Structures are given as structure tokens and as C-alpha cells.
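First the structure, in the form of C-alpha cells, and then the observations on it.
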């Protein structure tokens, strides 16, 4: 069955987008890394996009749903090395295997747009875009202290360093008995005047191999993503169709901090501080990192300037400009800096070294000692802090370790709060003391006064975000198109010589390209003299930062993408992937779109309109993983069962547990639908005359169409599956109760085939074909209700509530064999009074007396005022404002009950009577709109 329908779909090119369509509905799953085989995370991701693409296609949209391969990267290189092969052969074999698996699963991709990032016809455009960004000043080549993974033998961008709890060690445990967690350090301001010290120790590890990450000083290539920090942060508010969790991750990573910059004058030890020049002046191209040797000042960033009178020292990070200059003048400082910069942050703790330099307190004129301190991070704030031990956890720990003064300048407002500064700092707000003219002011007031009074204090905003390090000392990646010439410097390779292709793979440790003599040695494009190629390759996330643009015009030969098509088609309508890529990928594509827009290649600045973050597939409570041995192969249970299960198990953003029993439910639903269609076609025992209960079934078909469409629109496939199951159950019950009406029953079965088509397309085609539906279901229009379904939710709730009330009465009264069920609809006047209560201004209160007066004024024929008052009181007590209008007219309620009474007859094997209550009826008082009175004999 699967192979046949896949052949038909391919033959008819049903998934290929007409090239003349300029604004398709763009549905995309994050393309897979070529790891070798599909895993259940892939299946869930691509089942979501496939179901949505199929649904939108049935709704009449021109849908773009492409697939490609994220083919560069270290794992392929390592896998090839282990197999004495080469990365390209291994990668291509993986692609063939994974594509075959995707095709077997029946995912509806436009394979005519397939792209592979390791092919020269793709990565030449990585190089071309690199050059355009370089020309625009968005690429930098700088000496910097970078993250180094000794196992992968390459540098890592900050986003590729993960943090995990580590075992404590004596070397890293200092001050208060523990080194503070790096997450706290990076999430707070550099002066750290707010926040708490972490009670855990955290180590930084490689995102791929989990090896502890160290630091190295290397010349590296960076993309200037920090130029867009403010825009990337502020624009998050407009991404209303992104999960808030992902937006929050990006906010935290960008790390916007409002505060002040405070200038401290620094003395000149020995022969004076040498003025920095060249790369030393700013190793990251981000200003002067708080140091300006020309005027002898160091800037610190603080969110708590009111604590300035409590500053007892100045500390700079080992990578800060001043530390470099002091290291040049002092051998002990140099040794400390070199030692610390090679060690991971968690091993540094609160170590530090005093220097000969001193800083002048900008308010008191007091000279403060200057330290180079390992706990100060060069990429947070300015890389320098004013140490306020009395009011900051990290400063307190450092001061305690080095015997520095701890001077209180803020006391709690609550005099009963006991503070022992020897044990811990006071980090809250309070009243200033020992702060000169500012004594007695509250913290907030003092902040404002200091900012207005002191020229050395200026408002400032800092960002945690660092520039994107794209250099990788590995073979399997895009060669960086630059030649290094002794005379000309860094020279980009001319466009006409692109792509710079990877040479034949050489087995070696470290960077294979650096060992490849014929590749490395070349001529300078400018002067023609001897030069060397750049041997680093690009971070694989460069490949994926713009691949969605290439899908729009994959065969374009003179540009990376068709700008006109891109401007029309973007942003991507729906993008699906894991939230583990919130920084690694999603932040990068947002940066790249803005950079391309600013250099005139695009107009759209945000790449994705709606983002779906898929949850994890668990097995025995753990994420499926080859290393844990708990992987279920995607085809083990069959393509259709697997697809249907992963969609129906939970909301796409939720984790769910894989269990064989639950998988069986998806299998049983398929068998049920197939059996119903087969039985209908083979037996065909139906009737043409209409009965009153036929109308109910027809209405339920309409209501299910509307409900499933609503669930698909909201990506609640699990609820769509439940609606389909309920309709199938009703149709089976309908057929068992009586010979079904031929047209209604066939329409119901065709509707089931269409509704399940986005989730189980092979089954749907088989059902559609058996029932002689027109054409292919994948190309069919989404079914339309034949009647108005505006009130379908109210109708369904009314029926379900009534049925439950009957069952409750039977159970509570212990009626073993009821003989007769009577459903009594409320008298007409109650509906008119309820309508009056609902028809009022939004801010008008629900008052019983007012409703009574309004009913009498309207001339509603009620039995008497006392009866009216009793009903209105009950109405006010039982009905919320939002529920006042959620009832149907009396005639509609009676008609619905008459159409559905067969369900009670079928369930209890009794006669069912439906009638309207009369004024002298003993059930009239009990019946009210939306709640018929019930009598069971």
C-alpha cells in the first residue's frame, strides 16, 4: 500500500511547488544533520511539518515543503576517521540512507529543491556571503581568548559551550567553601551588585562531546553579531507566534543590562602603562573593554552605583586590556594571566593577584588596589569591576580570600534584620550610610542623585552577547576564502575563484588543512607573491544560517538566492525544531537575515513567523539515545503507525513517553477505519429514506470537520486524532443501531479519510480510493460542513452534558433497567429572560432585581413574580457572565434532543420522550436553558 501511493504521488508530482508561485505557504522543519540514520526526534519533527503542509495544501494553499542536508561538521569527520574512510564518502552514504528512510515514511517533500551543504555549489555561497559581510565590516579577524575543546581539537563559539554541575575539587573551591556557578556570573552584571552566589559548582563542557572546555589565545574569525544586540533583543517582543520559552532563552543569552558606566583613574606603575595598539587595543573589536591607557582610566559597569562608597578594590579580568598591559610590566602578573587564561573558569575560582597599579575612587579620591582576578569575566560588562564586598556575593568571596576590607554602605530598611558582613554580604535595597552627602537616602533615590551629580558616572547598557566565533580547526567545513600575505595582509579570494574547494582528505590529528601543503601554499590575489590560505573552516552553523533562502531557488547559478522570491516568500510561515537550537541556530538565522538586509540583499529582517518547538520522545523516562540503548527504530512499527502515534500522543511542544500499548492505539484506529470502509464497500446495506436521527449524524460530521480544522490550525494533532476517533465511534454505533442512510454514511467515511489524511496519508489514500473519492485525497479540498456550525461547540456540550446527567441519575438512583426516559425542555419564557440577562453592557453587573424589572417591562408572559424571581435568582447564582449567552434557543434544544434521543435508546434500550415543559408541569421548575429536566421511570 505505502509503496504504491508513494509511487503515485511522485508520478503526479503532487508535492512540487509550481515555480510561478511567488508567495507560497512556507513550511519547514530544521534540516537534519547527516548522522547516519533517522531517530524518533527526526520523525516527530518531520511528521509535524508534513501534517501541517498536507493540511494547508488541502485548504488550497500553494505549499513549499523542502528538505536538505546539514552535511558539514565534526561528527562526520570523526566517524570517517574511525572507519579509515573520508568525511565525504561517509556523509554521502548517510544522506542516501536517511533519504531512503524519509521516503519510506512517506513525507511529502519537494525533492526537486534538495540541497546539501557540503556540495561546492552550496558552500561557494557561504564563501560569497562571507566576503559580502567582510566588505560591510561585519567580519573581524582578531586575537582573542577563546573556548578550546581538547577532544574535538577546535575552538567553540560561546553558544557551543554548555554548563553542567561538576564535582567539587580543592583547587576550585575557595572563599566561602565553593567556587560560584558560572551561570550566575554570566547572567548578572559584571559588578554583580545584585543576585546570589551559586551554591553549586558548574563546569563548562563541549556541546558535542561534553569534554571540559579550556581557554586558548588564537587569531580567529568572528561575525559581528554584537552590532545587532539591541535589535535582536528588542525585536523578540514582536515574535508573538514563538514560544515564550525560546524568546526568554534568547533574551537571557543576549543579556541586556541597564546600568551605569563608572570611570576610575588608574595610576602608572613602573615606567607607565603602555598605550595599546593594533590587536592588543581590543582583542574582540568591542570598544576598549573598559580600559583607555591614553587617558589612564578604566571603566566599570554597575547596576548598583549607590554602593560606590563601599568599593575597596578594582578588579579586572585576565583578558582585559589593563591586565595585558600590567602583565607586560610585571613578571608575576604575566605568569598569573597566562596560567589562568589556559584554565577553564570553574577551575579558577576566586584566585587573583595584586598589581602595582592603583585606581582613584571618583568620589572620595581614595587610592584603591588593582587586582587581576579570575572571577571577573572579560566578556561580561567591561571586563572590570569595582569590588564592593559588603554588598555583592562574588566580591565578598574574593575579598575574604585576599584579606581586603569589607565596608558597609547600605543598611536594611528593616532595623530588625541582622546582617553579619563577616559571613555574608547584604545584597538588598536599603538606606545609605558612610556615603557622604548621600547618607540617609534610599537606594533608588541615591542612584538617581549620583547619576545626576557625578560626571564620572554615565548611563549605559551592556549585553552579554559576544561576537560569533566561526573559525574551526577542522577539515569538514567550508574553507574560509582568505589568503594571508606578509605584504598585503588578509586578502579575500576573488569571487571568480570561488568556490575554494576542500582538497583531498588527509588523515591527521588537529587541523588537516594546516597539514595539506598543496592547499595551504598559494599566491596572493593582490600582489602575486607567496601566501598561505586560511586553513580554518567555518562553523557548521554558518551553513544553516541561510539555507532556507537557498530552498527558494536551489539551482540559481549567479547568486545564493533569488532576492525577489525571498522577499515575497519570507518569513517562513511555520518552522519546527527543538528548543535546544534557541541560541545555536535560531539566534544566528535572525542575525544573518538582518545582516543580509543591511547589505542590500534582502528586505525582510525576521526569518520565521511561527515557531513550533517540538518536545522530546522518551523511553522509560529518558530521552531516546543510542548511547542509552533505548532507541526505537522509526520503521519498527511501520511508517503509518509511527507517524500517527507521534502526532496523536501529545501536543507538539510536550515530551511524551513511547509505550507499545499507546502505539497499539494508533494501529487500532487505522484498522478500525479500514474495516469500516471495507465493510461499507463490500456489504453496502443502506437505505435512502430519512429518519430523524440521520440529521444528528449529519450534524456530527459537520461539527467534526470544524473541530478538526480548528485543532489542525492550532497544531493540536492529538486532539484532532481524538475528534476523528469520536466520529468513527459514532458512525460505527450508527450503523449498528439501524441500517444507515447511504449518502450520509458514505459522506462520513469520506470525511474520516480526508480528516486523517494529514497524519496518515497512505491510509487516507486507500480509504479514499475504496470509497471512490474524486482524484487523490492529498489533492482533495478540505471538506466543508453542509450546515452552519457556528454553534457546534455549544450544541456538542449540550448533548454531552445531557447524556452525562442521564447516566448520573441512573447510577445514583441505582436504576437497573429503566423503562422510560423523559427529557423536558424549559418553557419559552425562561429563554427570553435569560436572553435579557445576557443582552447588556459588558460592564453592567448581573443583578437579579434589574433582570426581573426588565423582564416585566418587556412584557414576558411569566407565571407570577415569585416564580420569575426564583428563576432569576437561580440564573444569577449558577451562570457566569461568560456563560449567560452559551445556550441555544428553546426550539433548537428540543430539536437537538429529538435527534439524539436514539443514543439513549441504544444505550439503555428504553423509550425516550422529548417535550416542552408547561406552566403546570411539575418538571417546569427544574428545567432551565441549557439544562433540560430529566425523569427516569
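Within the range 400-410, is even one residue in a strand (DSSP E or B) and in the same structural domain as residue 321 (by TED's automatic domain parsing)?
Scanning the range 400-410 turns up at least one residue that is in a strand (DSSP E or B) and in the same structural domain as residue 321 (by TED's automatic domain parsing).
For the range 304-321, the tally of residues that are at pLDDT below 95 and over 22 Å from residue 403 (Cβ atoms) stands at 3. A single entry from 800, 784, 765 fulfils the requirement of being in a helix (DSSP H, G or I) and either at pLDDT below 95 or surrounded by fewer than 18 Cβ atoms within 10 Å (Cβ to Cβ) (or both): 800.
Could you check, for the range 595-602, whether at least one of its residues is part of a loop (DSSP other than H, G, I, E, B), under 24 Å from residue 113 (Cα atoms), at pLDDT 95 or above and in the same structural domain as residue 44 (by TED's automatic domain parsing)?
Narrowing the range 595-602 to residues part of a loop (DSSP other than H, G, I, E, B): 599-602.
Restricting the remaining residues to those that are under 24 Å from residue 113 (Cα atoms) gives 601-602.
In the following step, the residues that additionally are at pLDDT 95 or above were identified as 601-602.
Imposing the further condition that a residue be in the same structural domain as residue 44 (by TED's automatic domain parsing) reduces the set to 601-602.
Among the residues of the range 595-602, at least one is part of a loop (DSSP other than H, G, I, E, B), under 24 Å from residue 113 (Cα atoms), at pLDDT 95 or above and in the same structural domain as residue 44 (by TED's automatic domain parsing), which makes the answer yes.
Taking the stated definitions as given, is residue 76 modelled with pLDDT under 95, part of a loop (DSSP other than H, G, I, E, B) and either at positive phi or not assigned by TED's automatic domain parsing to the domain that holds residue 764 (or both)? When the stated conditions are applied, residue 76 does not pass them.
In the range 214-222, the count of residues that are buried (at least 18 other Cβ atoms within 10 Å of the Cβ), modelled with pLDDT of 80 or more and under 27 Å from the mean Cα position of the chain (by Cα) is one or more.
Taking the criterion of being more than 17 Å from residue 764 (Cβ to Cβ) and either at pLDDT 90 or above or not in a helix (DSSP H, G or I) (or both), would at least one residue in the range 666-675 satisfy it? The answer is no; no qualifying residue exists.
Of the residues making up the range 361-390, those that are more than 22 Å from residue 319 (Cα to Cα) and either in a loop (DSSP other than H, G, I, E, B) or touching a strand residue (DSSP E or B) at 6+ places or on another chain (Cβ under 6 Å) (or both) number 7.
Return a yes/no flag: does the range 769-782 have any residue that is in contact (Cβ under 8 Å) with a residue 40 or more places away in the chain, within 38 Å of the chain's Cα centre (by Cα) and over 13 Å from residue 58 (Cα atoms). Scanning the range 769-782 turns up no residue that is in contact (Cβ under 8 Å) with a residue 40 or more places away in the chain, within 38 Å of the chain's Cα centre (by Cα) and over 13 Å from residue 58 (Cα atoms). Here are some residues: 669, 618, 644. Which one is surrounded by 14 or more Cβ atoms within 10 Å (Cβ to Cβ) and in contact with a strand residue (DSSP E or B) (Cβ under 7 Å, 6 or more places away or on another chain)? When all the criteria are applied, what remains is 618. Considering the range 223-256, the residues that are within 14 Å of residue 583 (Cβ to Cβ) and free of Cβ contacts under 8 Å to residues at least 12 places away in the same chain include one that is surrounded by the fewest Cβ atoms within 10 Å (Cβ to Cβ), namely 248. Among residues of the range 889-924 being part of a loop (DSSP other than H, G, I, E, B) and touching a helix residue (DSSP H, G or I) at 6+ places or on another chain (Cβ under 8 Å), the one that is modelled with the highest pLDDT is 910.
Conditions tested, residue by residue: (1) out of contact with any helix residue (DSSP H, G or I) (no Cβ under 6 Å at 6 or more places or on another chain); (2) part of a helix (DSSP H, G or I); (3) modelled with pLDDT of 95 or more; (4) over 29 Å from residue 568 (Cβ atoms).
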| site | (1), (2), (3), (4) |
| --- | --- |
| 501 | no, no, yes, yes |
| 504 | yes, no, no, yes |
| 508 | no, no, no, yes |
| 514 | yes, yes, no, yes |
| 525 | yes, no, yes, yes |
| 532 | no, no, yes, yes |
| 545 | no, no, yes, no |
| 549 | no, yes, yes, no |
| 554 | no, no, yes, no |
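Residue count for the range 24-38 satisfying the condition of being more than 20 Å from the chain's Cα centre (by Cα), modelled with pLDDT under 95 and on the phi < 0 side of the Ramachandran plot: 4. Checking the structure you have, find out if any residue of the range 401-412 is at pLDDT below 95, closer than 21 Å to residue 298 by Cα and either in contact with a helix residue (DSSP H, G or I) (Cβ under 8 Å, 6 or more places away or on another chain) or crowded, with 24+ Cβ neighbours inside 10 Å (or both). No, because not a single residue in the range 401-412 is at pLDDT below 95, closer than 21 Å to residue 298 by Cα and either in contact with a helix residue (DSSP H, G or I) (Cβ under 8 Å, 6 or more places away or on another chain) or crowded, with 24+ Cβ neighbours inside 10 Å (or both).
The values are calculated or read from the model by the stated rules, or taken from the named source; none is laboratory data. On a predicted model such as this, the values are computed, not experimentally measured, just so you know. Glycine gets a Cβ as well: all are built from the backbone with ideal geometry, and neighbour counts include every protein chain shown.
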